[in-house]
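Undergrad: After the structure tokens below, expect a handful of questions from me.
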Amino acid sequence: MPELPDVTVYIECLERRIVGQPLQRVRLTSPFFLRSVEPPVQAAEGRRVVGLRRLGKRIAIGLEDDVFLVLHLMIAGRLHWRPPRAAVTRKLGLAALDFPNGTLVVTEAGTRKRASLHVARGADLDAHDPGGLEVLESDLESFGAALRRENHTLKRALTDARLLSGIGNAYSDEILHRARLSPVKLTLQLSEDEIARLYAATRDTLRRWIERLRAEAGTGFPEKVTAFRAGMAVHGRYREPCPDCGAPVQRIVYAENETNYCARCQTGGTLLADRSLSRLLHNDWPRRLEELESIRTGVGRR
């Protein structure tokens, strides 16, 4: 799922291309993509783009007369900048937004179409904002208050759009690794030092990846938006060595996502329960990183 760094760079690249341009036409390829009825999508056509903004992980394209197009790319949605009136394939294409200087194409891989488009008036725009704290614009006290609003694991708190804005599965892994904190530690158990460490790690991680993605895009358009990037410390790097200590990266698998972490750097060597591995090993489920490595190398416990 495109998260805050990806969405930020998407918006910057779009600002250079469509601000001041009239939206000539909205072509819908998928009947499931448009999720609103009033105002109709035709209300956006013919109006000039006056600005863009991020609402969590959503992109709001502001048009004349207080009309907005709100795009939520979900997990597999992506944006592409193409020549004017570019064709849209039915297999992946959801919609095309035609401008005089080019076409913004929205695609989504897979069969589960979750990406969405809403047309909204300005007065209704807040309904599309989950309301999470913008960490890059907040101070430490506000960050700590947002974390402590509810007692959740750090992984859940970081990815809860009602608490913190724009952070998802990938960058939460990177943030927690940088902060040297366990993904399952509860927010109400955090010390003041740990909150400060997490605040700094969150801001540093997001800023670093915004700058990196911005440099990769250059004057072009980001076409390789992915949750698994070279240079990430732990996310998507299960069993690969941690770049800081060399220990194999571990994971917790759940539903459609997984949490990646370094046991040595983040949990003091303790392995966190993982359903897929515990089903395989049953009573031999190891509790420490050293035990797991012994099992994998055929030494020690059998």
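We did not get these values from a lab; they are worked out from the coordinates using the rules stated. These figures come from a predicted structure and were not determined experimentally. Virtual Cβ from ideal backbone geometry, glycine too; neighbours counted across all protein chains shown.
Undergrad: If packing is taken as the average count of other Cβ atoms within 10 Å, what order do 231-239, 257-265 fall into, highest mean first?
TA: Listed from highest to lowest mean packing, they are 257-265, 231-239.
Undergrad: Which order do the peptides 161-174, 13-26 come out in when sorted by mean C-beta neighbours inside 10 angstrom, highest first?
TA: 161-174, 13-26
Undergrad: Sort F32, F221, F228, F68 so that the residue with the fewest other Cβ atoms within 10 Å of its own Cβ comes first and the one with the most comes last.
TA: Fewest to most other Cβ atoms nearby, the residues stand as F228, F32, F221, F68.
Undergrad: Find how many whole Å separate the alpha carbon centroid of region 128-146 from the alpha carbon centroid of region 213-270.
TA: 24 Å
Undergrad: Now for a separate question. Which percentage, to the nearest 5, of the DSSP beta bridges contained in the chain is antiparallel?
TA: 95 percent
Undergrad: Follow-up question, since we're still on this one. What nm distance separates the two modelled labels at D124 and R82, each placed 7 Å from Cα along Cα→Cβ?
TA: 2.8 nm
Undergrad: Another question, if that's okay. Return the long-range amide H neighbours of T29 (sequence gap of 5 or more, or a different chain), with a cut-off of under 5 Å between placed amide H atoms.
TA: A95, A96
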